[in-house]
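Encoded as structure tokens, the structure appears first; notes follow it.
The values are calculated or read from the model by the stated rules, or taken from the named source; none is laboratory data. Everything numeric in this text was worked out from a predicted model, so none of it was measured. FYI the Cβ positions are ideal-geometry reconstructions off the backbone, even for glycines, and counts take in every protein chain you see.
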Amino acid sequence: MTKTPSAQRLSCNVPMRWGDMDAYGHINNVEILRILEEARIHAFGPPAGTGGPGLEVDLPVFSDLPESTQALVAEHRVKYVRPLNYRNIPAHVEVWISAIKGASLTIAYMIMDPVTAEQCVLAETTLAFFHTDSGRLLRLSGRQRQILEPYLGEPNFR
């Protein structure tokens, strides 16, 4: 699969909560990870067996996993480009895939200020699929790869 700079990106808006703000008036670094999680669930669906039905997601990669399979975070990388100031409107997040490997995928994000449209955070999350019954990592299926391929673009980090 070839990465393309014009890869499709998924966009969503994630609310900033009053409690996400630190003493300086911007979103605390720990809460940035929550925003990334919300964007990931918005784009790829909640893990199978959790919560109730809701809105359709763009790519139902997580909600379509085989029984006894978990999508586990293997790594986060976050670069804080500038503070994301608290606002009473949602932050804008773009999501794409920056790597597809045998048993993992890396999701890239860009969080932007909803008023100025400036980049505030660049991040990546590597996920691995784990089968709880066997205790083994699962390889991505051909179907999963096919679904994700149009979203395969440049990584945020080299």
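Things to note:
- Residue check for Leu36: surrounded by 15 or more Cβ atoms within 10 Å (Cβ to Cβ) and modelled with pLDDT of 70 or more: yes
- Residue list for the stretch 117-131, filter: touching a strand residue (DSSP E or B) at 6+ places or on another chain (Cβ under 6 Å) and either outside any strand (DSSP E or B) or among the acidic types (Asp, Glu) (or both): Glu124
- Selection over the stretch 105-127 of residues that are surrounded by 18 or more Cβ atoms within 10 Å (Cβ to Cβ) and either under 14 Å from Ala71 (Cβ atoms) or among the basic types (Lys, Arg) (or both) gives a count of 5.
- Of residues in the stretch 89-98 being closer than 14 Å to Arg9 by Cα and of a type outside the set (Val, Ile, Thr), the one surrounded by the fewest Cβ atoms within 10 Å (Cβ to Cβ): Glu94
- Candidate set from the stretch 71-88 (those that are in a loop (DSSP other than H, G, I, E, B) and of a type outside the set (Phe, Trp, Tyr)); member that is surrounded by the most Cβ atoms within 10 Å (Cβ to Cβ): Leu84
- Checklist (1) modelled with pLDDT under 95; (2) over 14 Å from the mean Cα position of the chain (by Cα); (3) part of a loop (DSSP other than H, G, I, E, B); (4) not acidic (Asp, Glu) applied to Phe157, failing item: (1)
- Yes/no for Phe62 being crowded, with 19+ Cβ neighbours inside 10 Å, of a type in the set (Phe, Trp, Tyr), in contact with a Pro (Cβ under 8 Å, 6 or more places away or on another chain) and at pLDDT 75 or above: no
- Positions within the stretch 74-116 being without any contact (Cβ under 8 Å) to a residue 40 or more places away in the chain, in contact with a strand residue (DSSP E or B) (Cβ under 7 Å, 6 or more places away or on another chain) and not hydroxyl-bearing (Ser, Thr, Tyr), in sequence order: Arg82, Ala103, Met112, Asp113
- Selection within the stretch 134-150 - modelled with pLDDT of 90 or more, charged (D, E, K, R) and farther than 19 Å from Arg40 by Cβ: Arg136, Arg139
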